[in-house]
Amino acid sequence: MFCDGNPAAPAPDVLKKMAADTKATMLGASPTYVQLMEQLDVVPGERYDLSNLRTILCSGSPAQPENFEWFYKNVSGDVWLTSQCGVRKSSAASWSPLRPCP
């Protein structure tokens, strides 16, 4: 599932709702988005079934330990959470372990 645009429109938890509705196994979110969720007291793990979620890619700005803590506490404690940097998000669809990232 790919989503382009404001990750908090029309509601601040729209990405988590889409992840639950599509049974997504991977989700990407920026630390800035996490800070917004914290400010609005959004707890997606209580509201949506995110049991299919296996990986969260945190990118777009430097991730702080607090961002990781928020994901583990409010989304899922049983997920692989990784901070990505240096690769364009759009290259994920064309990535191959056999060649360098574009």
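Values quoted throughout were computed directly from the atomic coordinates according to the rules given, and no laboratory measurement underlies them. Since the model is a prediction, treat every value here as computed from it, not as a measurement. Here the Cβ positions follow ideal geometry from the backbone for every residue, glycine too, while neighbour counts run over all protein chains shown.
Computed values, structure above
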| read-out | value |
| --- | --- |
| Contact order normalised by residue count of segment 14-84, Cα under 8 Å, 6+ apart, percent | 38 percent |
| R0 of 35 Å, Cβ-Cβ distance Ser61-Asp21: FRET efficiency to nearest 0.05 | 0.85 |
| Of Ala19, Ser59, Val75, farthest towards positive along the dipole that unit charges on Lys, Arg, Asp, Glu beta carbons give segment 1-76 | Ala19 |
| Partner aspartates and glutamates for Lys23 [C-alpha distance under 14 Å; skip if fewer than 8 residues away on the same chain] | Asp49 |
